[in-house]
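For reference, the structure is listed below as structure tokens.
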Amino acid sequence: MDISLIINRACIGLIALILIVLAYFKFTYKGDSSDKKNKQNNKYTLPEIIEYVKAALNEMTSASLDDLGLSEEEYNRRLNQRATLIKSLKDCTHGDLNAKKFVKGVIFDLLLKTYEFTEENMNKVIPFHNSMALSSQEKFDIMLYQYKEMYGLNGLARLIDDHQLAELKHHPDSQGSGSYRITAAEIDEVFEGFRSILYFEDKLQLIVQRVYQTFKGFSVVDEVRDMKIDGISGGVSGVPMSQVEYDDDFYDFTSRINEQPIPMSHDSVWIFYRGKSVHLEFLSFGTEAELKRVCQNIYRYNNPGQLSEANGFKVNEMKDGSRVVVVRPSFSESWAFFVRKFDPASATLDQLITDRIGNHDIVKSLLIYLMKGGRIVAVTGSQGSGKTTLLMALVAYINETFTLRIQEMSFELHLRKIYNKRNILTFKETETVTGQSGLDVQKKTDGTVNILGEVATDEVAAWMIQMAQVASLFTIFTHHAKTFGDLVYSLRNSLLKQGIFSNEKTAEEQVVRVLNFDVHLRRDPDGSRYVERITECILIDQEEDYPESFKTASRMDQRFVAMMESMTEYFQRSTNRRVGEGRNIIEYRNGEYVAVHPISDRNQQEMLEMMEPADQLRFRQFMAENWGAAAVESY
């Protein structure tokens with residue numbers, strides 16, 4: 001073979017090999033560049049940022065400090081910082097606002113110093129630069145952030161009030177009277193006219209909040225829960241996933257009927273605001289798994305036990321004093337939680353009973369005198385009517401020398417926070433200590449006044465009656481009775497169920513003898529709350545002598561008639577004769593409070609005996625001004 005041909009073929013082969021190698025490196029380099037570019041783009045998404053923060057926090061709380069060669073002073077400083085971070089990471093999920101603030105501060109510093117954020121790449125996380133691209137939730141978060149900067153925890157209330165969002169609205173397809181809800185369209189409209197100036201740090205704070213609420217906080221309700229509102233709940237509307245996951249035709253059928261997306265249980269966020277249940281339609285947990293995560297974390301303060309299928313509900317309090325109730329399947333049809341908040345700052349009679357209603361001073365004055373007079377008072381009404389808040393306010397007028405003992409299902413009253421210089425101790429039921437046992441212990445704690453946060457069980461109701469008779473000077477409690485008669489019958493039935501009495505009349509008489517007054521609260525559909533009535537419990541005299549005219553009758557027929565009258569009276573007293581009656585002292589009528597009947601002589605006399613001389617004089621004047629001199633002329 002010709003040597004030149006061999007050389008030519010070798011050169012061609014070498015050139016081909018070089019071309020192949022060059023092409024390989026070219027395409028390999030291009031692929032690496034593409035991967036790098038994709039990785040750079042993904043870096044500024046919430047999932048990537050959350051994973052980065054999780055890894056960084058894990059490193060900060062678990063890395064060894066021994067190999068860093070630190071001085072003793074620096075070692076101890078870092079050790080204390082780590083301990084504070086670990087504690088805050090645990091407490092921030094319990095409603096501890098200080099712990100939450102600390103954790104968010106750590107995340108802010110971490111992202112600011114190590115994540116290479118700029119004004120431009122921030123927009124990849126949340127499109128701050130384009131309001132059209134913002135979701136309704138993001139618009140709400142921006143507005144709530146700025147309102148919180150201006151008004152603190154009153155930010156949500158100001159946002160709602162400024163734009164009249166919590167108004168009654170009628171749905172086009174609804175046949176009812178309408179409902180309270182805030183829609184995505186309303187949020188979009190408000191945001192259009194909202195002057196939003198966000199600086200670099202503001203945008204980073206909003207990103208930090210989204211990161212925090214997704215892996216440590218309470219999802220979309222995290223900031224809302226902290227606000228000064230009456231409460232918040234989730235998972236209480238929409239279709240539960242368990243009812244549709246095996247129904248292939250459900251989505252198609254309901255979509256044709258409604259012509260709109262079907263709200264599921266995880267699309268449900270409601271707030272309780274000024275007595276109204278308001279649906280935040282624009283907020284959603286996104287998935288049932290996210291709602292479940294919130295339910296499993298929100299109740300865990302002080303380790304109340306495990307929420308399981310066998311134990312399908314938990315009642316507990318959070319670090320900030322909120323009451324939380326969590327339920328789960330199969331006890332309930334879906335995962336759901338209820339947070340009820342009580343604001344000690346608003347627990348005053350001046351804020352609860354305002355001049356919105358005419359002659360409001362008569363109600364405030366009477367409530368004060370009931371406390372100064374040591375009356376056994378039931379505060380009744382439906383859920384959300386303000387029973388607990390009124391009870392908190394009434395304590396201010398109890399003689400300061402009296403020691404107070406409180407029994408609750410969960411810590412709600414927090415009276416020691418309001419009245420921190422008074423002798424107060426609160427007990428609550430636990431899995432191993434019943435309400436009966438707790439009330440029994442109270443008898444041995446030098447208590448003068450007993451307060452029951454809620455008489456919710458037969459056991460506690462029966463013990464309350466006994467305690468009011470012998471164990472305390474007087475008692476205050478709340479109850480869900482709708483009428484005065486319902487209150488008496490409910491307490492009577494509790495005595496019968498507990499086996500304390502076997503005769504209905506005897507049990508009812510004990511209740512009537514113990515109970516002095518019922519303050520009944522009402523909440524209208526528009527959220528307005530007021531005292532509907534203050535009722536005195538009057539014991540009907542059962543000690544009257546039976547008619548004995550048959551003894552003096554001269555004729556036999558007259559004796560027979562007189563004997564029948566005596567027998568009729570006996571059977572009436574033994575069967576259907578009333579033991580007591582409710583007499584309204586004050587009623588709410590046509591937008592004002594009206595004085596109706598005066599307080600009975602017996603209660604007036606007992607109240608005066610409990611009061612100091614100056615209060616006695618003022619009480620007599622109060623009675624004379626509102627019910628006339630005849631109401632107090634015997635004293």
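No value in this document is a laboratory result; all are computed from the given coordinates. Remember, predicted model here, so these are calculated numbers, not experimental data. Every residue, glycine among them, receives a Cβ derived from its backbone with ideal geometry; neighbour counts consider all protein chains shown.
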Counting Lys and Arg as +1 and Asp and Glu as -1 over every other residue whose Cβ sits under 10 Å from the Cβ of SER472, the net charge comes to +2
ASN450 neighbourhood, Cβ < 11 Å, K/R = +1, D/E = -1, net charge +2
So, for the Cα atoms of segment 98-244, Rg and Dmax in Å stand at 17.1, 56
A 20 angstrom limit on the alpha carbon distance is what I want to check against. Which of LYS90/LYS216; LYS428/LYS482; LYS276/LYS387 exceed it? LYS428/LYS482
Taking every pair of distinct Cα atoms and averaging 1/r, then inverting, what Kirkwood hydrodynamic radius in Å comes out for segment 363-484? 14.5
For PHE402 and THR61 in one chain, what is 0.36 nm times their gap in residues minus the Cα-Cα distance, to one decimal in nm? 117.9 nm
Along segment 328-341, what does the Karplus equation 6.51 cos²θ - 1.76 cosθ + 1.60 (θ = phi - 60°) give for ³J(HN,Hα), rounded to whole Hz, x for Gly and Pro? 8, x, 8, 5, 10, 6, 7, 5, 7, 9, 9, 10, 10, 10
With a point put 7 Å past each Cα toward its Cβ, work out how far GLU592 is from LYS54 in nm, to one decimal. 6.4
Grab the Cα-Cα distance for ALA614 and MET564, subtract it from 0.36 nm times how many residues apart they are, and report the gain in nm with one decimal. 12.6 nm
Orientation-averaged projected area, Cα convex hull of segment 177-245 (nm²): 8.1
Only residues of segment 365-382 count here: report those whose backbone N is under 20 Å from the spot 7 Å along Cα→Cβ of GLU606, or say none. 366-380
Derived scalar couplings ³J(HN,Hα) [segment 430-440; Karplus, 6.51 cos²θ - 1.76 cosθ + 1.60; whole Hz; x for Gly, Pro]: 10, 5, 10, 10, 7, x, 4, 5, x, 5, 5
Among 404-412, 587-595, how do they line up from the highest to the lowest mean number of other beta-carbon atoms within 10 Å? 404-412, 587-595
Which ³J(HN,Hα) values in Hz, rounded to whole numbers, follow from the phi angles of segment 444-455 under the Karplus curve 6.51 cos²θ - 1.76 cosθ + 1.60, where θ = phi - 60° and Gly and Pro get x? 9, 10, 6, x, 9, 10, 9, 10, 10, x, 7, 8
Two-decimal ratio, segment 127-342, of alpha-carbon radius of gyration to 2.2 N^0.38 Å: 1.05
